[in-house]
Amino acid sequence: MSGFRGRDVLSIRDLSRADIDLVLRTAKKMVPIAVGEKRSRSLEGKILSTLFYEPSTRTRLSFESAMARLGGRALGFSGSEGTSVQKGESLADTVRMVEAYSDAIVLRHSHEGAARLAAEFTDKPVINAGDGAGQHPTQTLLDLYTIWDEKGTFEGQNVALVGDLKYGRTVHSLTYALAELGSHLIFVSPETLEMPREILEHVKERGLSFRVAHRLEDVIRDADVVYATRIQKERFPDPQEYEKVAGSYRIEVDMLRDAKRDLIIMHPLPRTTEIAPEVDRTKHAVYFKQAFNGVPVRMALLDLILGGGA
Ligand code: CP
């Protein structure tokens, strides 16, 4: 049995290389179940709570789909309207209640550190589904799965992370993971939205080289993976600062002329204007497949945490 049983997943940094390998290999085996070709009852009788204080489409629904595909059930809320949060109930008390109703808790919250705080108030496993501008570890697992599935390796891949590197939690988690896995990172952002210094320091400490750029056109021909992100409007303290950088990057079909033939373009979604719809029809676009990969990856994680594991 793996060391996942009953475990919290709060930060990608809590997972070792062996843990990540196990999730990816287990996810691959889950694909036939995720597409409905095979059946599983491995989580029959298990209940997952999904507490989403912030909006979500992919993360919440793919967790629900993952539970249903494995014979378990999910319950929860999307937005705190209609819950006792509106009466002033604290996160700690909500978690204390919900642990009595379910076997694991998935939490999305606007405050960085919320999932770690929640985990202090329950013995049930807590999975961080995004905490403010902090981390989004299950997104990273599905991002890693996508790179591994498409490229077969992380080693030596030139991965350009593009857009809002300051507030984007998906790129924070992904940088920590890729720094362990031997990819070469290219950080492309407006000057005001660069990757936080402590994360760059971490990459340096791991002995990896990286580049910082401000124009996607300057790096696209070197990239094996372009990971585009939305400018996180909701995290800007000053709306005028957002207006200065809104629409900074947009991938158009013309820009792909000089790209490597096997370049893949990823995006955690939702997108706004970062990728022109015409790009969807190119062989480079993998972002909808990436979103699907959230189902087998979350199935793998839930099965390892709540079920028999691999
Ligand atoms: N990628 C992602 O977290 O999407 P949602 O906000 O729709 O869950």
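The values are calculated or read from the model by the stated rules, or taken from the named source; none is laboratory data. Being a predicted model, the structure only gives us computed values, none of them experimental. Using ideal geometry, Cβ is built from the backbone for each residue, glycine included, and neighbour counts are taken over all protein chains shown.
If you go through region 157-176 and pick out every residue that is closer than 15 Å to residue 144 by Cβ and over 10 Å from the mean Cα position of the chain (by Cα), you end up with 5.
Per the listing 98, 85, the residue uniquely at pLDDT below 95 and aliphatic (A, V, I, L, M) is 85.
When region 27-51 is examined, which residues are found to be surrounded by 14 or more Cβ atoms within 10 Å (Cβ to Cβ), more than 17 Å from residue 124 (Cα to Cα) and of a type outside the set (Ser, Thr, Tyr)? Walk me through how you get there before you give the answer.
Filtering region 27-51 down to residues surrounded by 14 or more Cβ atoms within 10 Å (Cβ to Cβ) leaves 27-31, 33-34, 40, 42-43, 46-51.
Among the residues that remain, those that are also more than 17 Å from residue 124 (Cα to Cα) are: 27-31, 33-34, 40, 42.
Matches in region 27-51: 27, 28, 29, 30, 31, 33, 34.
Consider residue 118 carefully, then state whether it is closer than 25 Å to residue 198 by Cβ and more than 14 Å from the ligand (Cβ to nearest atom). Yes; evaluated as a whole, the condition is true for this residue. In region 1-50, what count of residues is obtained for those that are under 17 Å from the mean Cα position of the chain (by Cα) and part of a strand (DSSP E or B)? Here the count works out to 2.
Taking region 52-82 as the range and being away from the ligand (no atom under 16 Å from the Cβ), out of contact with any helix residue (DSSP H, G or I) (no Cβ under 8 Å at 6 or more places or on another chain) and outside any helix (DSSP H, G or I) as the test, the residues that pass are 71, 75, 81, 82. When the strands (runs of 3 or more DSSP E) confined to region 95-177 are screened for residues that are in the same structural domain as residue 202 (by TED's automatic domain parsing) and in contact (Cβ under 8 Å) with a residue 40 or more places away in the chain, those reaching at least 3 such residues are found at 158-162. Take the residues of region 178-201 that are of a type outside the set (A, V, I, L, M) and in a helix (DSSP H, G or I): which is nearest to the chain's Cα centre (by Cα)? Filtering first and then ranking leaves 180. For region 117-140, taking the residues that are farther than 26 Å from residue 21 by Cβ and in contact with a helix residue (DSSP H, G or I) (Cβ under 6 Å, 6 or more places away or on another chain), the one that is surrounded by the fewest Cβ atoms within 10 Å (Cβ to Cβ) is identified as 121.
Against the numbered list (1) within 23 Å of residue 60 (Cα to Cα); (2) modelled with pLDDT under 95; (3) not hydroxyl-bearing (Ser, Thr, Tyr), residue 266 comes up short only at (2).
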